[in-house]
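Below: the structure, in structure tokens.
The values are calculated or read from the model by the stated rules, or taken from the named source; none is laboratory data. Here the structure is a predicted model, which is why all the values come from computation and not from measurement. All Cβ positions, glycine included, derive from the backbone under ideal geometry; neighbour counts span all protein chains shown.
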Amino acid sequence: MRRVITYGTFDLLHYGHISLLQRAKSYGDYLIVALSTDEFNWNEKQKKCYFSYERRKMLLEAIRYVDFVIPEESWEQKRTDVHEYHIDTFVIGDDWQGKFDFLKKEGCEVVYLPRTPEISTTKIKQELNRKV
Ligand code: C2G
């Protein structure tokens, strides 16, 4: 069984996220999503999520491509995650191009996928604010 992992915030879940998850799943049989906790988002990414971790986790678990959701609590956990979960392939959007190549040394394939360019959580929030 080929195991894939990806990481992210996935707030205001949209079709760009789904497309990433669908493509990530195509690299294996089992997809783990390491979901950024509310604390990690705020402390490390200065992101204030609209939905709480539990709500974002519930949404991800409802997606057919997602097999298991774990918390992302630190930047460093990727190295241990790939061993703990016997990961074959790490997948993430190409906005992170090159940032996680160190995982190749852990015996993990690293894949950067093209983002869906026209959609983002920030854009959704901006457009909703304009319509108010
Ligand atoms: N994504 C995408 N297209 C978009 C928006 C997002 O393909 N229009 C992808 C991102 O490239 C990422 C995933 O969907 O692979 C989740 O996006 P975010 O929630 O924005 O994730 P991010 O904040 O980049 O967190 O340790 C890694 C970080 O946790 C990644």
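Select from segment 91-118 the residues that are in a strand (DSSP E or B) and more than 10 Å from the ligand (Cβ to nearest atom) and list them in ascending order.
Of all residues in segment 91-118, those in a strand (DSSP E or B) come to 91-93, 109-113.
Answer for segment 91-118, where residues must be in a strand (DSSP E or B) and more than 10 Å from the ligand (Cβ to nearest atom): E109, V110, V111.
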Taking segment 42-54 and the residues there that are touching a helix residue (DSSP H, G or I) at 6+ places or on another chain (Cβ under 8 Å) and of a type in the set (K, R), the one that is nearest to the ligand (Cβ to nearest atom) would be K47
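Among the basic types (K, R) and assigned to a strand (DSSP E or B) - does that describe any residue in segment 3-24? Give the steps one after another, and end with the answer.
Here is the first cut: in segment 3-24, the residues among the basic types (K, R) are 3, 23.
This time we only want the ones that are assigned to a strand (DSSP E or B), so: 3.
Yes, segment 3-24 contains a residue that is among the basic types (K, R) and assigned to a strand (DSSP E or B).
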**Study point:** Any hit, segment 56-69, residues being at pLDDT 95 or above, among the basic types (K, R) and within 12 Å of the ligand (Cβ to nearest atom)
**Key:** yes
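In segment 72-91, how many are among the hydroxyl-bearing types (S, T, Y) and under 25 Å from N43 (Cα atoms)? Outline the logic, then answer.
At the first step, the residues of segment 72-91 found to be among the hydroxyl-bearing types (S, T, Y) are 74, 80, 85, 89.
This time we only want the ones that are under 25 Å from N43 (Cα atoms), so: 74, 80.
Number satisfying all stated conditions: 2.
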Filter segment 1-41 for residues that are without any contact (Cβ under 8 Å) to a residue 24 or more places away in the chain and more than 12 Å from the ligand (Cβ to nearest atom); the one that is surrounded by the fewest Cβ atoms within 10 Å (Cβ to Cβ) is S26
